[in-house]
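Report on the structure given below.
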Amino acid sequence: MCENMSLSEEEIRMLFRVNKTLNHMLKDRGYIVTDAELEMTQEQFIDQYGENMERKDLVILKTKKNDESDKIFVFFLQETKVKMVGIKACFERMVAQNVFRAILVVRKDMNRFALSAVTDANSKRILYLESFKETELLMNVKEHAFVPGHIALTTEEKNALLEKYTVQENQLPRIQYTDPIAKYYGLKRGEVVKIIRNSETSGRYVTYRFVI
């Protein structure tokens, strides 16, 4: 049975907030996002997508600064519980446009077949897909006063750090990839993240964590 696709005013307000968080998230990850997109009002959001917008209309495609080959899709999945057909459509669009990373925004959950397909693609490193529930994106976790800056190190920077301090990566303090701030920055298992904290006494200090 097809679900009712029309959105209520409340849903449109919610999706506007989700879209705003996503644009800030993508900018913080180093993708090109314009000031107009970051500062978009709800009225401008409705003008852009129409009063009869559907979730499938809200697709985002962004390119990394200084690397045109590094692109990311954001797909808003229509179904309340995402099925394999929805995931397959995302896969096909990614492959057709040579985009190998995507964020899936889901209303509630994915069924076991859809979840298995995403897990399998990630484990084989064919594509890399992250998922967020809409409710997770209503607030920007980075805007919390106590959240320090996070910067994922490149492979070269990670190796240089480990060599400098003569440590193994698993000897560093850890952060789980499911941590809300790790999810915000799209951190993957095996990466090392640089964390910059402000201090009233020492100005700022830097620590590193290994993503598990």
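For the structure I just gave you, tell me whether Glu37 is within 17 Å of Leu137 (Cβ to Cβ), out of contact with any Pro (no Cβ under 7 Å at 6 or more places or on another chain) and charged (D, E, K, R).
It is true that Glu37 is within 17 Å of Leu137 (Cβ to Cβ), out of contact with any Pro (no Cβ under 7 Å at 6 or more places or on another chain) and charged (D, E, K, R).
Out of Ile212, Ile181, Ile175, Ile195, report the one residue that is farther than 18 Å from Arg101 by Cβ, free of Cβ contacts under 8 Å to residues at least 60 places away in the same chain and in contact with a Ser or Thr (Cβ under 7 Å, 6 or more places away or on another chain).
Result of the check over Ile212, Ile181, Ile175, Ile195: Ile195.
Please state which one of Lys142, Lys71, Lys158 is surrounded by 15 or more Cβ atoms within 10 Å (Cβ to Cβ), under 21 Å from Gly190 (Cβ atoms), in contact (Cβ under 8 Å) with a residue 12 or more places away in the chain and charged (D, E, K, R).
Going through Lys142, Lys71, Lys158 in turn, the sole match is Lys158.
In the range 112-122, is there at least one residue being at negative phi and part of a loop (DSSP other than H, G, I, E, B)?
The answer is no; no qualifying residue exists.
Looking at (1) surrounded by 15 or more Cβ atoms within 10 Å (Cβ to Cβ); (2) farther than 23 Å from Tyr184 by Cα, can you tell me which one Glu134 breaks?
Result: Glu134 passes all but (2).
Leu77 is checked against (1) surrounded by 18 or more Cβ atoms within 10 Å (Cβ to Cβ); (2) farther than 24 Å from Arg112 by Cα and fails just one. What number does that condition carry?
(2)
Taken together, the values in this text are just the output of simple stated rules run on the coordinates, not laboratory data. Bear in mind that the values here come from a model prediction, so they are computed numbers and not experimental data. As a convention, Cβ positions derive from the backbone with ideal geometry for all residues, glycine included, and neighbour counts pool all protein chains shown.
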